[in-house]
Amino acid sequence: MDLPEFACFSPFIPAEWGAAHGVRLTRLARPPAAAQRAPREGRCTYAVSALELAQGFLAAGGAGAVFTTSCDQMRRSAELLAPAERVFLFNLPHTWETPLPHRLFRQELLRLSGFLCRAGGRAFAEEDLAAAMRRFDGARRELLARRETSRAATFARLLLAFHERADGSLPETAAQEARPARGPGVAVLGGPLLERDLWLLDLIEESGGRVVLNATDTGERTLPRFFERSRLVADPLGELADAYFGHIPDVFRRPNSELFRYLERELSARAAQGAVLVMPVWCDFWRAEAERLRGWLPCPLAAIDLADDANGRQRARTRIQALLETIS
Amino acid sequence: MISPFPPQCIGVADWDLLRERLLGLGLVEPWYGGPLGRHVEQGDSRLLRLSFDNSPAALRLWNFLLSEEERLFAARAQGYRIVGTMKDLGIVPLLAYALPKALAFYPDGAWWIPCVMELSAGLLRFADEIGLDESFCPVRAMVGAFLGEGHFPRPDLVTCSVGATCDDFSAIAQRLNGFGVPILWWEMPHVRAPDPGEEEARLPSGQTVPAALVRQVEAEFARIARHVEEVCGEALTGERLAAAIERANGIRAQLEELRSAVFFAPRAPLPALEVLIAEMLAIHYCSDRDETEAVLADLLAETRRRVASGLGYGDGFEVRVFWVNPVADLTAMNLLESCGGRLCGTDFMFCHALDPIPVDRPPLTALALMALSDPLAGTAAERARRVAAGARRFRAEAVLVSRIPGASHCAYEGEFIAERLRSDLGIPVAEIEVPPLSDSVRPILRTRIEAVLEAARKRRSGR
Ligand code: SF4
Ligand code: SF4
């Protein structure tokens, strides 16, 4: 029997949690072509795509949609969805420096549990959760190992497919392809890259760069940390909450110092010589940090408004080529 | 002093002449009083484009508002501890005002500096330079105001609510933090309906919410209170907080009386602009609680007298308009009246700072209930419900939803609220967008406002 499916859009919603309830929390990343038209002024392109994906998903009989309060745009998008009973808005704390938000995150997971059960899932058992966590953890380790042998867009596609499957299984890998072996190392950071946006990664490689880090919202930055095996027995839910909420660095978090710490660590470990910042149009969080990142990063930065039209692609091409010329 | 003259809108230059006459008639001003023209000389050039009410009470109100920076520096010199409270609008300041030598203000108020100083302060230019461009709301002016230190003293403590707030503010406050300003972040949860079986609590607005949210915000306030105590070196006792709530309720009661009198009177006893400024006093008392009480008492006395004498603006046939959201350019409030409308109900995004605070709960619980009534923390549907209730209460004939340029919430809730009100109230509703200096779009604004007023007039006459 097919598992009930719920559309979700945030890396802070653990797919393991769905698996423990006998459902799939599938992260959708392939918006219909209609979603690519210019959205209303002020609306982030990603949030608009998420809304349209969720609408289509619910209309096609999906069990429900899970949004989070990671930003105003996603929070308000959830309210525009119908029917409201099939929409769950996860109160994702923005602060993290005190114990309270960590407690709240855990409580929200339990509230989500109630929603999943009401919508066709089963009550979770700790053993089921621990088993799901082991399965996903192993898959993520394997997934990350493929980074070294894949082109950037292929690896990004693998991550998207893994999140979309949301059952802990790994997608098939296409025929082995050569990852660029030479060229300046480029870190890509910023907002989410959907399937339709992956041309950007190809563009960097076609222009002679080597993507050494995908730290976008849909890249490896937003994977949870690996689980501690001993904690899977003692307190799987606590371990799940900590691996996600306690460790994923993101731009909306307050303060967002952990994002900067992560970048400092990873850029140096991957020997990145340049960085590309991807900013979805009308995303305040990423846009606000662009100038700070420019001054703070140890390498040159190209900031790109992510617009999937001819002009947008041309602008991106020019910026990326200029960046690569600077760092080559 | 009650005005010896009938109500009339006048410009700054006329006000300075009138002030001389009033002084001759016995007007006594507080220490921050003086001619309004001096504010223009100090850079507040937008005042030259505004029309003001001609009562001594209005003069005091404007001098109070425009002297805030000066008063803050004076308070610092007198040893006051200053808490910069960001974003929550109207709740956290009470924690500071509960202590004898502490005060709170909103650095968010820099929102209006580009308008009042007609961009001459360079705050938007500075924001552009650091990458906070026009895609952000005018609150981006705050970073330059903060770092420049000419607009207000550096606070001893800065708090900022994040979570279910707006992206603009959160992003801008984070940049401020990146420039080395320490910020005490606190979590404002999204306000939702309780899930099945969840323990419930009722907000003063009548909305039912999960009791867990109240406990959560209360815990955050207890944490902020500890920081305020530390900075001020005094204990924030339950008695002190209860007394602060009582004073807040007194001010809210003054504003309730003022709003009712203005919105229900056959002729508007005060213009829209002065009502906006008076309401704003509720959020942090314009950095002086005693004076806020006195300023509002004067305005109330003037209003009562005008209502009793049948004095007011217009002929009583103006279209009654409910206004949603504050305007980045204050001249928009004058524009409403010049188009033939009058203000009858407002939601300037801080209605939770106008509602009475419950006194039958522990003080921090009461404050948590108020914080959860913040229209921005909840759904657009709940906000629309409250606007509709207000529009009905004040018998509004039209609603103007004023969009704030760049504001993350406006792109979503503006259209939603407008549609909901159209179907719930059946009255004309229009959306307008008011930039900090609206001169270049004034003809468009005028046309849109006139169109909605005309539709309301047609509806009134049954055409
Ligand atoms: S890209 Fe930015 S605005 Fe868009 S959904 Fe993500 S955080 Fe929100
Ligand atoms: S976006 Fe709206 S709520 Fe946020 S600071 Fe600007 S005006 Fe205020």
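Among the helices (runs of 4 or more DSSP H) contained in the range A:98-176, which hold 1 or more residues that are surrounded by fewer than 16 Cβ atoms within 10 Å (Cβ to Cβ) and touching a residue at least 12 places away in the same chain (Cβ under 8 Å)?
A:99-118, A:126-146
For the subset of the range B:337-370 comprising residues that are within 16 Å of ligand 2 (Cβ to nearest atom) and of a type outside the set (Ser, Thr, Tyr), which member is farthest from B:Arg385 (Cα to Cα)?
B:Ala353
If I go through the range A:217-250 residue by residue, how many of them are touching a strand residue (DSSP E or B) at 6+ places or on another chain (Cβ under 8 Å) and either within 21 Å of B:Ala164 (Cβ to Cβ) or at pLDDT below 95 (or both)?
Matching residues across the range A:217-250 total 1.
For the range B:405-434, which residues satisfy the criterion of being of a type in the set (D, E, K, R) and closer than 21 Å to B:Ala164 by Cα?
B:Glu413, B:Glu415 - these are the residues of the range B:405-434 that are of a type in the set (D, E, K, R) and closer than 21 Å to B:Ala164 by Cα.
I'm trying to understand the selection: among the residues of the range B:318-365, which are part of a helix (DSSP H, G or I), among the aliphatic types (A, V, I, L, M), over 20 Å from B:Val434 (Cα atoms) and out of contact with any Lys or Arg (no Cβ under 9 Å at 6 or more places or on another chain)?
B:Leu364
Can you tell me how many residues in the range B:129-138 are crowded, with 23+ Cβ neighbours inside 10 Å, more than 16 Å from ligand 1 (Cβ to nearest atom) and within 11 Å of chain A (Cβ to nearest Cβ)?
0
Of all residues in the range A:268-315, which are part of a loop (DSSP other than H, G, I, E, B) and within 16 Å of ligand 1 (Cβ to nearest atom)?
A:Val281, A:Trp282, A:Cys283, A:Ala307, A:Asp308
So for the range B:411-420 (the condition being over 19 Å from the mean Cα position of the chain (by Cα), within 19 Å of B:Ser338 (Cα to Cα) and away from chain A (no Cβ under 13 Å)), does at least one residue qualify?
No, there is no match, as no residue in the range B:411-420 is over 19 Å from the mean Cα position of the chain (by Cα), within 19 Å of B:Ser338 (Cα to Cα) and away from chain A (no Cβ under 13 Å).
Determine whether the range A:233-256 contains at least one residue that is aromatic (Phe, Trp, Tyr), surrounded by fewer than 20 Cβ atoms within 10 Å (Cβ to Cβ) and in contact (Cβ under 8 Å) with a residue 24 or more places away in the chain.
So far as the range A:233-256 goes, no, none of its residues is aromatic (Phe, Trp, Tyr), surrounded by fewer than 20 Cβ atoms within 10 Å (Cβ to Cβ) and in contact (Cβ under 8 Å) with a residue 24 or more places away in the chain.
For the range A:228-262, enumerate the residues that are assigned to a loop (DSSP other than H, G, I, E, B) and within 14 Å of another protein chain (Cβ to nearest Cβ).
Across the range A:228-262, the qualifying residues are A:Phe245, A:Pro249, A:Asp250, A:Val251, A:Phe252, A:Arg253, A:Pro255, A:Asn256.
What's the number of the only condition in (1) within 14 Å of the chain's Cα centre (by Cα); (2) more than 29 Å from B:Val217 (Cα to Cα); (3) of a type in the set (A, V, I, L, M) that B:Ala282 fails to meet?
(2)
What pairs can you find where one residue is in the range A:269-282 and away from chain B (no Cβ under 14 Å), the other is among the polar types (S, T, N, Q), and their Cβ atoms are less than 8 Å apart, with a gap of 6+ or different chains?
A:Gly274/A:Thr326; A:Val278/A:Thr216
So in the range B:106-128, with the set limited to residues that are among the acidic types (Asp, Glu) and away from chain A (no Cβ under 12 Å), which one is farthest from B:Gly178 (Cα to Cα)?
Only one residue fits best here, namely B:Glu118.
Output the residues belonging to the range B:211-239 that are within 18 Å of B:Pro362 (Cα to Cα) and outside any helix (DSSP H, G or I).
Result: B:Ala235, B:Leu236, B:Thr237.
Pull up the range B:143-186, narrow it to residues that are touching a His at 6+ places or on another chain (Cβ under 9 Å) and under 15 Å from B:Trp111 (Cα atoms), then point me to the one that is farthest from the other protein chains (Cβ to nearest Cβ).
Here the residue is B:Ala145.
The values are calculated or read from the model by the stated rules, or taken from the named source; none is laboratory data. Just so we're clear, the structure is a prediction, and the values are computed from it rather than from any experiment. Note: ideal-geometry Cβ built from the backbone for every residue, glycine included; neighbour counts use all protein chains shown.
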